[in-house]
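Asks: Okay, handing you the structure first.
The values are calculated or read from the model by the stated rules, or taken from the named source; none is laboratory data. Computed from a predicted model, the values in this text were never measured in an experiment. A quick note on method: Cβ atoms are made from the backbone with ideal geometry, for glycine too, and the neighbour counts reach across all protein chains shown.
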Amino acid sequence: MFDLIPFEHRNGGLFDSFDRWMDDSFFSGLDKDFAPCRTDIIDQGDKYLLRADMPGFKKEDININIQGDQLTVSAEHKEETKNDGKNYIRRERRYGALSRSFDIEGIDSGKISASYNNGVLELQLPKVVDTKPEAKKIEIQ
């Protein structure tokens, strides 16, 4: 039974240094166990590809909204019954909501598409195509 004691409850545990760093870092104002989703944005020429890690969410839990030039990705884990009669030794799985917003100025918001697979949300963000008038020569009469 004593082998079930998590590392961080022992002196000099494996995660002590990381936990101390998180307590003193930029993330100190955030819920460290439920920080915003990690995101990569890749320029693919005519569009951007946004990839956001959102493990543990169901597709139905994720909302993508556009308001003006702002795209917001939000999701919420619903907490299971707190008093479910189980005798937990440790409970680390967290429940709550997250939200990230992105400036989409220069993006054709009508053509944005999304997919979700294996805990990764992908958004295709097509760039606005600048329409340039054709070069035209005017004859003098």
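Asks: Quick check on my filter: what residues within segment 90-106 are closer than 14 Å to Asn65 by Cα and in contact (Cβ under 8 Å) with a residue 40 or more places away in the chain? Spell out how you get there, then give the answer.
Replies: The first filter runs over segment 90-106 and keeps only residues closer than 14 Å to Asn65 by Cα, leaving 98-104.
Those that are closer than 14 Å to Asn65 by Cα and in contact (Cβ under 8 Å) with a residue 40 or more places away in the chain: Leu98, Ser99, Arg100, Phe102.
Conditions tested, residue by residue: (1) more than 23 Å from Arg38 (Cβ to Cβ); (2) surrounded by 14 or more Cβ atoms within 10 Å (Cβ to Cβ); (3) touching a Leu at 6+ places or on another chain (Cβ under 9 Å).
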{"site": "Ser99", "(1), (2), (3)": "no, no, no"}
{"site": "Phe102", "(1), (2), (3)": "no, yes, yes"}
{"site": "Lys111", "(1), (2), (3)": "yes, no, yes"}
{"site": "Tyr116", "(1), (2), (3)": "no, yes, no"}
{"site": "Val120", "(1), (2), (3)": "no, yes, no"}
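Asks: With respect to Ser113, is the statement that it is assigned by TED's automatic domain parsing to the domain that holds Tyr48, among the hydroxyl-bearing types (Ser, Thr, Tyr) and at pLDDT below 95 true?
Replies: Working: assigned by TED's automatic domain parsing to the domain that holds Tyr48: yes; among the hydroxyl-bearing types (Ser, Thr, Tyr): yes; at pLDDT below 95: no.
No; evaluated as a whole, the condition is false for this residue.
Asks: Under the condition of being in a strand (DSSP E or B) and under 19 Å from Lys47 (Cβ atoms), which residue from segment 101-117 is farthest from the chain's Cα centre (by Cα)?
Replies: Within segment 101-117, the subset in a strand (DSSP E or B) is 101-103, 107, 113-117.
Of the ones still in play, those that are also under 19 Å from Lys47 (Cβ atoms) are 102-103, 107, 113-117.
On the way: Phe102: 11, Asp103: 14, Ile107: 19, Ser113: 16, Ala114: 13, Ser115: 13, Tyr116: 12, Asn117: 14 Å.
Once the filter is applied, the top-ranked residue is Ile107.
Asks: Condition check: part of a loop (DSSP other than H, G, I, E, B), surrounded by 14 or more Cβ atoms within 10 Å (Cβ to Cβ) and at pLDDT 80 or above. Does Phe57 satisfy that? Spell out the reasoning first.
Replies: Working: part of a loop (DSSP other than H, G, I, E, B): yes; surrounded by 14 or more Cβ atoms within 10 Å (Cβ to Cβ): yes; at pLDDT 80 or above: yes.
Criteria met by Phe57.
Asks: Does segment 118-137 contain any residue that is at pLDDT below 90, farther than 23 Å from Asp46 by Cβ and not small (Gly, Ala, Ser)? Step through it out loud before you land on a result.
Replies: Let us first name the residues in segment 118-137 that are at pLDDT below 90, namely 129-137.
Add one more test, that the residue is farther than 23 Å from Asp46 by Cβ, and what stays is 136-137.
Pick out the ones that are also not small (Gly, Ala, Ser) and you get 136-137.
Yes, segment 118-137 contains a residue that is at pLDDT below 90, farther than 23 Å from Asp46 by Cβ and not small (Gly, Ala, Ser).
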